[in-house]
Structures are given as structure tokens and as C-alpha cells.
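Structure first, then comments.
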Ligand SMILES: [Zn+2]
């Protein structure tokens, strides 16, 4: 069975074709799957979602996909720029990755599921990617959860922080920690008062007033993050 057959069964994108699958320059780098648009298909503008004519092509880029048999898998694609009548010249929207991500959405979901069981560092090491890629995958999953899940009835939250770039930068993480209902609710850059302010603005005054417990990590208190609350 060819790799393209498996990909078409699991991850089919109507306007695109998996053209070929081959080893990268060295087998350690994994497998490269070349993707091309279907003939006569018109690219979708990333600005407004309308189809338009092809303006030109950007250089080829790699998008890391879910690994297969321990091998890294990369989609290779030269994105088209769209001559959009509304937005002007814009890069096309790709169905397998969002925005400027260089990781496929499927791989982001895969990483975010493992990141619930392992530390982000372990997840990155095992699946051959960076801590930051795992972080962005978790953030994508959290944002999806925010758009699709209820935030009502939360009584207890925990505020924690993680350091990255050798401890020079931080993310603030807010979890729901009610008994029987634990999940990551929100991720914000930095660990300042303003970061927490952004969380509470997102969470809303009414829900904040109904909170019974706010647990804050010692380090977060030490930096003055939550004193005003
Ligand atoms: Zn447009």
C-alpha cells in the first residue's frame, strides 16, 4: 500500500493531491510527502475565504505531520498567493494547517493529547519536535475548547506558570480544578498582573464573582501576579 492511499483515507483534502512520498535527504529526517493543488482548482483567500485566481507561488515549505512508524512525516507544499478582488494579494488558506503554522492541525491535536499525559518537554522529545511546537498545539486545543465548551459552573481555578527560553520568558496557565472536572482553561504570555487581568477579562466579571477558590502557585504570587485579586 502506498503512503498516499493511507493519507487519502485518513486526511483527504478535496482540492489537493498527495503527489509522491519519498525519503528526505537522509532517512533520519523522515518522509517527505509532496502536495500539489488539483488541476484547475482555485486557491482560497486566507483573508476573506473567497476563491480567486493564482497570483504566484511562494517557495516550498515543510509542514510537520503525525509521525509514522517512528519516522517524521512532512508535507511539502509551495503555497499559492491569491489575487483576491476583496483583499488584494494574499496567501491561500490551507486545509491542513492554520495561519502561519508549520505543523499540521492533525499533528497539533496528536501532540496536545499526549501533552495531557506527559510533560511538554517529554512530548516534544519523543515526537521529534520543539517545546514551543507542543505549547502551540496545546494552545490551539485550548482555544478550540474555549470556542466549543461551557465556562459556566466553575468554582475553583488554579493559576500556574511555565518558563521557557531558559527561564527568560513565561506563560501563565489557568486550570479549572473543581473536583471531577480538571482542565486547562486559558494560556497567556508573561506572568504579570496584566496577564491575569487578560484572563479575568476573558472569564468575565459574573463568572469571577462566583469563584470560591483561586489557587496560585508560589512563584506566581512572588512576582506579584495575583495580589490585586
Ligand atoms: Zn480575500
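The values are calculated or read from the model by the stated rules, or taken from the named source; none is laboratory data. Just so it is clear, the structure is predicted and the values come from calculations on it, not from any experiment. Here the Cβ is made from the backbone with ideal geometry for all residues, glycine too, and neighbour counts use every protein chain on show.
What to note about this one:
- Residue list for the range 70-116, filter: closer than 30 Å to residue 184 by Cα and within 16 Å of the ligand (Cβ to nearest atom): 93, 94, 99
- Within the range 58-72, tally of residues that are surrounded by 14 or more Cβ atoms within 10 Å (Cβ to Cβ) and free of Cβ contacts under 8 Å to residues at least 60 places away in the same chain: 7
- Out of 99, 158, 167, sole residue that is within 21 Å of residue 216 (Cβ to Cβ) and either without any contact (Cβ under 8 Å) to a residue 24 or more places away in the chain or out of contact with any strand residue (DSSP E or B) (no Cβ under 7 Å at 6 or more places or on another chain) (or both): 167
- Residues of the range 35-46 that turn out to be surrounded by 15 or more Cβ atoms within 10 Å (Cβ to Cβ) and either within 16 Å of the ligand (Cβ to nearest atom) or in a loop (DSSP other than H, G, I, E, B) (or both), as a count: 6
Listed here are the residues, each with its yes/no results for (1) under 19 Å from residue 105 (Cβ atoms); (2) out of contact with any helix residue (DSSP H, G or I) (no Cβ under 7 Å at 6 or more places or on another chain); (3) not in a strand (DSSP E or B).
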position	(1), (2), (3)
19	no, yes, no
33	yes, no, no
61	yes, yes, no
86	no, yes, yes
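- Listed by position, the strands (runs of 3 or more DSSP E) contained in the range 141-229 that have at least 3 residues being modelled with pLDDT of 90 or more and surrounded by 14 or more Cβ atoms within 10 Å (Cβ to Cβ) are 156-164, 169-178.
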